[in-house]
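Colleague: Please see the structure below; I have some questions.
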Amino acid sequence: MLAMNYRGPFRVRAEQKPEPEILHPEDAIVRVLRSCICGSDLHLYHGLVPDTRVGSTFGHEFIGIVETVGSGVQKLKTGDKVLVPFNIACGKCAFCKQELFGNCHESNPEATAVGGIYGYSHTAGGFDGGQAEYVRVPYADVGPVVIPEDMHPDDAVLLTDVVPTGYQAAEMGGIKKGDTVVVFGAGPVGIMAAKCAWLFGAGRVIIIDHLEYRLDFARNYAQCEAYNFRSMEDPVLFLKKTTDWFGADVCIDAVGGDAAGNAMQTITGRKMMLQAGSATALHWAINSVKKGGIVSIVGVYGPTDNLIPIGNVVNKGITIRANQASVKRLLPRLIEHIRSGYIDPKAIISHRIPLEEVADAYHMFSAKLDNCIKPILIPPSARQ
């Protein structure tokens, strides 16, 4: 089969790999119809996530058709068209029973902090991902959801990560009616977090980034204020001033370890890798939120340490909430929001690219070329 193959930082290619096989009675094999390149895939591409091994296939956002199921699978059958949440979850452990599917205690043998994730290094279990023609799906009775007949496949593929992560970012902010919400990062997740903040009653939503084309898109899609931090002497001072010197009620870090905007953080976190990525956005979130406010973190940071102003967290009485999105928990609500017209996920897709051109797709998305917001990959078998 054709699959994306990681060859080292900034080097990926489309190559032939063996098709996956059923390894456990609860497995399924899914033929991929669409997969996405996620902003967090760029952390892998840039070499920021430990134990990202040569030969890995990335891709934790995909939909497809069930080709084969193991003998223990009861809820799926061959031919079902499914969306597959990025969380690999057993459904039985103490954390899955709390619907913390991103924190499954059984699916990741390589770490205790996070559950398994498709195509996201051996720190997340070493599972191959969906930027391929076929993918093995463990715990097939738990994660995959049959796509409703009235749902567009482009909407479905974005329900595997982007929409739930953006929605949960807003949810974790504990937004109250009339709150001012600031989102750092105008990538797909940040844009979706800004859009979803209105659903929780926000009175004002601000998004901060440094790329004008993304800011323009955010203004139109999320109907929010959007500002370029390159035009500011100090983003924290700007946000304090625009909130009557109180600070925002809620700040959301939707950037993670690839953040720009601070030379020391960039050098130590992205160049020398002395910390787990650049924590610039998290600094700004902590320092921009009001006393007693909430900081919600969905941006990806690699293990293990980051330089952050923990003293300000204590002295300001800030609540920090963070997690991988529990996709399966959120899907029923998000499907209804799409049907009701409150969210239009497919509108953020800017590029549809053949899987054969995955190297060019990663370069374009990483270098922010051609006004790229969200690229999806179409395998050759899905185009026939």
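Colleague: In the Gaussian network model of the chain, springs joining C-alpha atoms below 10 Å, which of A359, A254, A281 carries the largest mean-square fluctuation?
Modeller: In this elastic network of the chain, the residue with the biggest mean-square fluctuation among A359, A254, A281 is A359.
Colleague: Provide the convex hull volume over Cα atoms per residue for the chain, in Å³. Don't skip to the answer; put the middle values down first.
Modeller: Details: hull volume 48.7 nm³, N = 384.
In the chain, the Cα convex hull volume per residue is 127 Å³.
Colleague: Related question: What number do you get for segment 106-151 when its Cα radius of gyration is normalised by 2.2 N^0.38 Å, N = residues? List each step's numbers first, then the result.
Modeller: Working: Rg = 12.5 Å, N = 46, 2.2 N^0.38 = 9.4 Å.
The reported ratio for this selection is 1.33.
Colleague: What distance in nm separates the simple spin-label points at I310 and W245, each placed 7 Å from Cα in the Cβ direction?
Modeller: Between I310 and W245, the label points sit 3.1 nm apart.
Colleague: I would also like to ask the following. Take every DSSP beta bridge with both residues inside the chain and express the antiparallel ones as a percent of the total, to the nearest 5.
Modeller: Numbers: 28 of 56 bridges.
Percentage antiparallel, nearest 5: 50.
Colleague: At 0.36 nm per residue, and after removing the present C-alpha to C-alpha distance, how many nm does the segment from I22 to D370 gain when stretched out fully?
Modeller: 121.3 nm
Colleague: Could you give me the ³J(HN,Hα) list for segment 63-70, computed from phi with Karplus coefficients 6.51, -1.76, 1.60 and θ = phi - 60°, whole Hz, x at Gly and Pro?
Modeller: 10, x, 10, 5, 9, 8, 10, x
Colleague: Excluding R352 itself, calculate the net charge of residues whose Cβ lies under 11 Å from the Cβ of R352, where each Lys or Arg counts +1 and each Asp or Glu counts -1.
Modeller: The answer is +2.
Colleague: With viscosity set to 1.306 mPa s and temperature to 10 °C, compute the Stokes-Einstein D of segment 165-322, Rh being the Kirkwood radius across alpha carbon pairs; µm²/s, no decimals.
Modeller: Calculated translational D: 105 µm²/s.
Colleague: For segment 140-171 and segment 62-81, what is the separation of their C-alpha centers, rounded to whole Å?
Modeller: 17 Å
Colleague: Roughly what would the spin-label model give for K77 and H46, points 7 Å off Cα along C-beta, in nm?
Modeller: Label at K77, label at H46, 4.7 nm between them.
Colleague: Gap in Å between the Cα centre of segment 335-369 and the Cα centre of segment 5-43?
Modeller: Cα centres, segment 5-43 to segment 335-369: 17 Å.
Colleague: Let me ask something additional. Could you work out the relative contact order of the chain, using alpha carbon pairs under 8 angstrom and six or more residues apart, expressed as a whole percent?
Modeller: Over the chain, the number comes to 18 percent.
Colleague: Here is a follow-up. Positive end of the dipole of the chain, charges at C-beta (+1 Lys, Arg; -1 Asp, Glu), about the Cα centre: which of Q98, A279, L48 has its Cα farthest in that direction?
Modeller: Looking along the dipole axis, the top candidate is A279.
Colleague: Helix-only mean residue ellipticity at 222 nm, the chain, DSSP H runs n ≥ 4 weighted -39,500 (n - 2.57), per residue, nearest 500. What is it? Walk me through the numbers on the way to the answer.
Modeller: Values: 12 runs with 103 residues, N = 384.
-7500 deg cm²/dmol, from helical runs alone.
Colleague: I would also like to ask the following. Using 0.36 nm per residue, how much length does the chain from K92 to S231 gain when fully extended, once their Cα-Cα distance is taken away?
Modeller: Gain on stretching K92 to S231: 45.0 nm.
Colleague: Right, next: Rank N315, N228, N287 by mean-square fluctuation in a GNM of the chain with C-alpha springs under 10 angstrom and give only the top-ranked residue.
Modeller: In this elastic network of the chain, the residue with the biggest mean-square fluctuation among N315, N228, N287 is N315.
Colleague: A follow-up question, please. For I318, enumerate residues with amide H under 5 Å from its amide H, sequence gap 5+ or separate chain, H modeled in the peptide plane.
Modeller: Counting only residues 5 or more places away or on other chains, the set is G292.
Colleague: Could you work out which residue, out of C38, C93, C196, moves most in a Gaussian network model of the chain, that is, has the largest mean-square fluctuation with Cα springs under 10 Å?
Modeller: Maximum fluctuation in the GNM of the chain, among the listed residues, is at C93.
Colleague: Residue by residue through segment 185-200, which ³J(HN,Hα) values in whole Hz follow from phi under the Karplus form 6.51 cos²θ - 1.76 cosθ + 1.60 (θ = phi - 60°), with glycine and proline marked x?
Modeller: Going residue by residue, I get x, 9, x, x, 5, x, 4, 5, 4, 5, 4, 6, 4, 5, 5, 8 Hz, with x marking Gly and Pro.
Colleague: On C-alpha positions alone, give me the angle between the axis of helix 162-172 and the longest principal axis of the chain, in degrees, nearest 10.
Modeller: The angle comes out near 40 degrees.
Colleague: Loop-only check: which GluC sites (Glu not before Pro) in segment 335-384 are DSSP coil with at most 10 other Cβ within 10 angstrom?
Modeller: Sparse-neighbourhood loop GluC sites (Glu not before Pro): none present.
Colleague: Continuing with the same structure: Mind checking the angle between helix 327-340 and the chain's longest principal axis? C-alpha axes, 0 to 90 degrees, to the nearest 10.
Modeller: 80 degrees
Colleague: A follow-up question, please. I'd like the Karplus ³J(HN,Hα) series for segment 83-91: coefficients 6.51, -1.76, 1.60, θ = phi - 60°, whole numbers in Hz, and an x wherever there's a Gly or Pro.
Modeller: For segment 83-91, the Karplus curve yields 9, 10, x, 5, 6, 9, 10, 7, x Hz.
Colleague: So, one more: So what is the accessible area of segment 307-384 per residue, in Å², with the probe set to 1.4 Å? Intermediate results must be reported in sequence, preceding the final value.
Modeller: On the way: 3780 Å² over 78 residues.
I get 48 Å² per residue for segment 307-384.
Colleague: Show me the GluC sites (Glu not before Pro) within segment 112-173 that DSSP assigns to loop and that have at most 11 other Cβ atoms within 10 Å of their Cβ.
Modeller: Numbers: sites: E133, E149, E171; in loops: E133, E149.
Sparse-neighbourhood loop GluC sites (Glu not before Pro): E149.
Colleague: Next question, about the same structure. Run the numbers for T112 and K176: contour at 0.36 nm per residue of separation, minus the present Cα-Cα distance, in nm.
Modeller: Answer, rounded to one decimal: 19.7 nm.
Colleague: In segment 1-68, what trypsin sites (Lys or Arg not before Pro) fall in a loop by DSSP, with at most 12 other Cβ atoms inside 10 Å?
Modeller: Passing sites in segment 1-68 are R53.
Colleague: Would you kindly state the longest site-free stretch of the chain, with sites defined as chymotrypsin sites (Phe, Trp or Tyr not before Pro) in a DSSP loop (not H, G, I, E, B) surrounded by at most 15 other Cβ atoms within 10 Å?
Modeller: In the chain, the maximal stretch lacking such sites is 11-244.
Colleague: Treating only the Cβ of Lys, Arg, Asp and Glu as charged (+1, +1, -1, -1), what charge dipole size does segment 165-322 show about its Cα centre? Round to the nearest 20 debye.
Modeller: 240 debye
Colleague: Hey, another quick one. Calculated FRET efficiency, R383 and N323, Cβ-Cβ r, R0 25 Å, to nearest 0.05?
Modeller: Calculated value: 0.10.
The values are calculated or read from the model by the stated rules, or taken from the named source; none is laboratory data. Everything numeric in this text was worked out from a predicted model, so none of it was measured. Cβ: placed from backbone, ideal geometry, glycine included. Neighbour counts: every protein chain shown. Ligands, DNA and RNA are excluded from the accessible area calculation, which covers all protein heavy atoms including side chains. Shrake-Rupley method; radii C 1.70, N 1.55, O 1.52, S 1.80 Å.
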